[in-house]
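Values quoted throughout were computed directly from the atomic coordinates according to the rules given, and no laboratory measurement underlies them. Predicted, not measured: the structure shown is a model, and the values here were computed from it. Cβ placement follows ideal geometry from the backbone for every residue including glycine, while neighbour counts extend to all protein chains displayed.
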Amino acid sequence: MKKFQIDKLLDCQKLQSELNGQRVDDEHLFIVMHQAHELWFKQIIFDVDTIRKALNNPVLDESKSLIIVSRLDRTVRILSLLVDQIVILDTMSPLDFVDFR
């Protein structure tokens, strides 16, 4: 589906180690993890901005309360997910990390 631009998204993982002639496979994992985190951070910023706009009104519209609470809940869940995902990096050895850093 053109709307999601998956081809662009999947083409964003450029291994610097490969460009330097010494491909390190774990660099791909590191890039994907970093990019996934950045996408989630973008969602958090989007949701917090929605909350901020709702709270900046001089009179709080109570109908917005559910949106505020649900966006805060989503933000907490995303942050929890990010913490849980970080253990995937444990599958990469420190020496492999040094090879591409």
Do you know which of the residues in segment 21-62 that are within 30 Å of THR91 (Cα to Cα) and not in a helix (DSSP H, G or I) is nearest to the chain's Cα centre (by Cα)?
ASP25
Suppose the filter is touching a residue at least 60 places away in the same chain (Cβ under 8 Å) and of a type outside the set (S, T, N, Q); does LEU66 pass it?
no
Among the residues listed as LEU79, LEU9, the single one being part of a helix (DSSP H, G or I), without any contact (Cβ under 8 Å) to a residue 12 or more places away in the chain and loosely packed, with under 14 Cβ neighbours inside 10 Å:
LEU9
Restricting the search to segment 87-101, which residues are assigned to a helix (DSSP H, G or I), surrounded by 11 or more Cβ atoms within 10 Å (Cβ to Cβ) and not aromatic (Phe, Trp, Tyr)?
ILE88, LEU89, ASP96, ASP99
